[in-house]
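Structure first, commentary second.
The values are calculated or read from the model by the stated rules, or taken from the named source; none is laboratory data. Here the structure is a predicted model, which is why all the values come from computation and not from measurement. Positions of Cβ are backbone-derived with ideal geometry, glycine not excepted, and every protein chain shown enters the neighbour counts.
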Amino acid sequence: MQTVAQIFEKLGGHAAVAEKTGIPLTTVHSWKRANFIPEWRRPAVLAVAKKVKAEISSSDFPSRPAKQGQAA
């Protein structure tokens, strides 16, 4: 598993991910800040990885962090 920042670094940064996926930069930045990419958005990120020949797989995405007060 990697952090979202590490994934984005492999893809050229969060601005490059936003540009290549067509997803708003503010949305992509919020993923980096939260260290979580929603499952339904991951195929777009994986498509970018394939285009730029970055080795990223589904298992590299971090899990959703537990909310405070919830068991992990």
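When Ser63 is tested against (1) surrounded by 11 or more Cβ atoms within 10 Å (Cβ to Cβ); (2) touching a Phe, Trp or Tyr at 6+ places or on another chain (Cβ under 9 Å); (3) hydroxyl-bearing (Ser, Thr, Tyr), just one condition goes unmet, and that condition is (1).
Taking first residues from the range 54-69 that are over 13 Å from Ile37 (Cβ atoms) and part of a loop (DSSP other than H, G, I, E, B) and partners that are at pLDDT 90 or above and not aromatic (Phe, Trp, Tyr), the Cβ contacts under 7 Å between residues at least 6 apart in sequence or on separate chains come to Ala54/Lys10; Ala54/Leu11. Among residues of the range 16-45 that are part of a loop (DSSP other than H, G, I, E, B) and modelled with pLDDT under 95, those with a beta-carbon under 9 Å from a residue that is of a type in the set (Val, Ile, Thr) and surrounded by fewer than 17 Cβ atoms within 10 Å (Cβ to Cβ) at least six positions away or on a different chain give the pairs Asn35/Thr3.
Check the range 55-66 and report whether any residue there is among the small types (Gly, Ala, Ser) and in contact with a Leu (Cβ under 6 Å, 6 or more places away or on another chain). If you could, list the steps in order and put the result at the bottom.
Keep residues of the range 55-66 that are among the small types (Gly, Ala, Ser), which gives 57-59, 63, 66.
Among the residues that remain, those that are also in contact with a Leu (Cβ under 6 Å, 6 or more places away or on another chain) are: none.
Checked the range 55-66: no residue is among the small types (Gly, Ala, Ser) and in contact with a Leu (Cβ under 6 Å, 6 or more places away or on another chain).
Val48 meets all of the listed conditions (1) loosely packed, with under 13 Cβ neighbours inside 10 Å; (2) assigned to a helix (DSSP H, G or I) but one, namely (1). All told, Ile7 falls short of being touching a residue at least 12 places away in the same chain (Cβ under 8 Å), assigned to a loop (DSSP other than H, G, I, E, B) and either of a type outside the set (A, V, I, L, M) or at negative phi (or both). Examine the range 17-37 for a residue that is surrounded by 13 or more Cβ atoms within 10 Å (Cβ to Cβ), of a type in the set (Asp, Glu) and more than 9 Å from the chain's Cα centre (by Cα), and state whether such a residue exists. Taking every residue of the range 17-37 in turn, at least one turns out to be surrounded by 13 or more Cβ atoms within 10 Å (Cβ to Cβ), of a type in the set (Asp, Glu) and more than 9 Å from the chain's Cα centre (by Cα).
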